[in-house]
Amino acid sequence: MSFRAVLAWPLAALALLAASVCASWAQDYPARQITMIVPFAAGGPTDVVARVVSAHMAQTLGQPIVIENAVGAGGTTGAARAARAAPDGYTLITGHMGTHAAAVPLYPKLAYHPEKDFEPIAQLAGTPILVLARKDFPASDLKAFVAYLKANTDKLNMAHAGVGSVSHVSCELFNSILGIKPTGVPFNGTGPAMNALVGQQVDYMCDQVINAVPQIRGGTIRAYAVATPERNPSLPELSTTAEAGLAAFQVSAWNAMFAPKGTPEPILARLNAAAAKALDDENVRKRLLDLGSDIPKLDERSRAALGRLVQSEIARWSGVLKTAQN
Ligand code: MLT
């Protein structure tokens, strides 16, 4: 019998053993608490989405899901941390259009790649972008706001959650449409950035609806428009950018769950099913819908659908940002 033939048997046995260990491991999953990395500060939109969905998933999976806010560098610090974690299903991340798409063209030496270093689990919430300003900003509508920004750019500052964050890239697009380059003020998330806006320490921000609804209803900030074709059901009185004369500014972000590349398929399937169950729960839906987010439709919930979204969004933002920064 040839050497190769002799070698084949033990290798086959080893592969069989590995597959059966993996299967039993996945069968017992989860056997202990799961860490969910949120790459932005507590209280921001990604943190809210992660906590609302994870709380329900923990009930389904029968183990606690502990949120860990690992902040910095527009969310890429936490995303890099998740990419390096053991692919065992016990470290996950709630990322989004920034960390898992727009960061790629913005960071030439990004420590991870959203497609090569992550397994898509599920889309969690679509989050339309709003144009926001401090409460006493001297402009009564979007047209006046744009005119004021153009005339006073060097006196104004724009809050965001770090280069590559949703708030950063959304306002990069907004600023490029206006032809302005204001001073950017980075925060570890739009939770703290919103506090600065409410405190009138910054002038304006492009942020996800989830973070803005409570402040708008409380009258602590100004909202000029929502950057989607239709008005947002949670803010029916807020004009769309098209109605307000800036149809070119259309942006809706998304938040989604990922695991490190190599996480076993049965574990990914369990997590995807638990996320889908959370998105069908009436309390979870009410929380997310009341905050103006869109719940992924059935055909958007598969792992493959999220993989396609990440791929197309990397391409889209690579184009948008190249134009915006020229
Ligand atoms: C957050 O949760 O702070 C935001 O998603 C940050 C951002 O991307 O703007």
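The values are calculated or read from the model by the stated rules, or taken from the named source; none is laboratory data. Being a predicted model, the structure only gives us computed values, none of them experimental. Here the Cβ positions follow ideal geometry from the backbone for every residue, glycine too, while neighbour counts run over all protein chains shown.
Name the one entry in I314, I295, I221 that is surrounded by 14 or more Cβ atoms within 10 Å (Cβ to Cβ) and not assigned by TED's automatic domain parsing to the domain that holds G78.
Only one candidate qualifies: I221.
Conditions tested, residue by residue: (1) over 19 Å from R287 (Cα atoms); (2) out of contact with any Ser or Thr (no Cβ under 8 Å at 6 or more places or on another chain); (3) without any contact (Cβ under 8 Å) to a residue 12 or more places away in the chain.
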| site | (1), (2), (3) |
| --- | --- |
| Y29 | yes, yes, no |
| T46 | no, no, no |
| A50 | no, no, no |
| H56 | no, yes, no |
| Q63 | yes, yes, no |
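Those residues that are assigned to a helix (DSSP H, G or I), touching a helix residue (DSSP H, G or I) at 6+ places or on another chain (Cβ under 7 Å) and touching a residue at least 60 places away in the same chain (Cβ under 8 Å), I need them from the stretch 280-317; list them, please.
Those that are assigned to a helix (DSSP H, G or I), touching a helix residue (DSSP H, G or I) at 6+ places or on another chain (Cβ under 7 Å) and touching a residue at least 60 places away in the same chain (Cβ under 8 Å): V284, R287, L288, R303, A305, V310, E313, I314, W317.
Before we move on, is F258 within 13 Å of the ligand (Cβ to nearest atom) and within 19 Å of the chain's Cα centre (by Cα)?
no
Confirm whether L156 is more than 16 Å from the ligand (Cβ to nearest atom) and touching an Asp or Glu at 6+ places or on another chain (Cβ under 6 Å).
It is true that L156 is more than 16 Å from the ligand (Cβ to nearest atom) and touching an Asp or Glu at 6+ places or on another chain (Cβ under 6 Å).
Could you count how many residues in the stretch 85-112 are more than 10 Å from the ligand (Cβ to nearest atom), of a type in the set (S, T, Y) and either within 14 Å of V163 (Cβ to Cβ) or within 11 Å of the chain's Cα centre (by Cα) (or both)?
The qualifying residues number 1.
Does any residue of the stretch 259-275 turn out to be in a strand (DSSP E or B) and within 25 Å of G62 (Cα to Cα)?
Checked the stretch 259-275: at least one residue is in a strand (DSSP E or B) and within 25 Å of G62 (Cα to Cα).
Of all residues in the stretch 106-131 being free of Cβ contacts under 8 Å to residues at least 60 places away in the same chain and not hydroxyl-bearing (S, T, Y), which is surrounded by the most Cβ atoms within 10 Å (Cβ to Cβ)?
Here the residue is L110.
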